[in-house]
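The next block holds one structure in the form of structure tokens; read it before the comments.
A short reminder: the numbers here are calculations on the coordinates, not readings from a lab. The structure presented is a predicted model; accordingly, all values stated were derived computationally and were not measured. Counting neighbours? That spans all protein chains shown, and the Cβs are built from the backbone with ideal geometry, glycine included.
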Amino acid sequence: MKEIVIETKNADSEPTRRRVEADKVLMAVGAVPSTRIPRTTSGIEVDEKGYLLTRDVPYGMTSRKGVFAGGDVANRQATVVHAMRDAKMVAEGIAQYIDAVKLMEMIG
Ligand SMILES: Cc1cc2nc3c(=O)[nH]c(=O)nc-3n(C[C@H](O)[C@H](O)[C@H](O)COP(=O)(O)OP(=O)(O)OC[C@H]3O[C@@H](n4cnc5c(N)ncnc54)[C@H](O)[C@@H]3O)c2cc1C
């Protein structure tokens, strides 16, 4: 059994520390983008920290045509409100892209 120290930081107050006894500590929350994304999906460009690069028009499209991303993995903002707003904007970007593809197919 080991002892670990959990430090909780809050922007408005001093950090608090708590000691807990544990055999193992498993990190089970996402904190940075998975390196698996660019490794397994060709044509996806990321920045130096692994965040997916996306376009403004159509909103959310990655460097791979027709593949979109939003939320934490692309924009780093890390709040639910930002992720929800981004999801709506990405949905609009996807709709624009589909309309554009259909139009191009229609005109040959
Ligand atoms: C511990 C913790 C506490 C937080 N507290 C707050 C808070 O109090 N208030 C707040 O506003 N924000 C908080 N956040 C941040 C908030 O959770 C995120 O900003 C938000 O969830 C981002 O939403 P998202 O849709 O971008 O990503 P996520 O919510 O991470 O969703 C991504 C989804 O994609 C899935 N996924 C990943 N890889 C694959 C794959 N290869 N195939 C299929 N699916 C895949 C994941 O399983 C996940 O369900 C907290 C985050 C953490 C980690």
Point to revise | Stretchable slack from Val5 to Thr35, in nm (0.36 nm times residue separation minus alpha-carbon distance) | key: 8.0 nm
Exercise for review: Would you please put 66-75, 83-92 in order of how densely packed they are, using the mean number of other Cβ atoms within 10 angstrom per residue and starting with the highest?
Suggested key: 66-75, 83-92
Review point. Once all Cα-Cα distances of the stretch 33-107 are split into 5 Å bins that start at 0, what whole-number percent is in each one?
Key: 3, 17, 24, 22, 18, 9, 4, 2, 0
Check your understanding: Any idea what the relative contact order of the chain is, in percent, if you count C-alpha pairs under 8 Å spaced at least 6 apart?
Key -> 16
Review point. Where the centroid of each part is defined by its Cα atoms, how far is the stretch 1-39 from the stretch 51-72 in Å?
Key: 29
Exercise for review: Rounded to the nearest 10 degrees, what's the angle between the helix 80-107 long axis and the longest principal axis of the chain, both from Cα atoms, 0 to 90?
Suggested key: 20
Point to revise | Calculated [θ] (222 nm, deg cm²/dmol) that DSSP helices of n ≥ 4 give over the chain, each run adding -39,500 (n - 2.57) | key: -10500 deg cm²/dmol
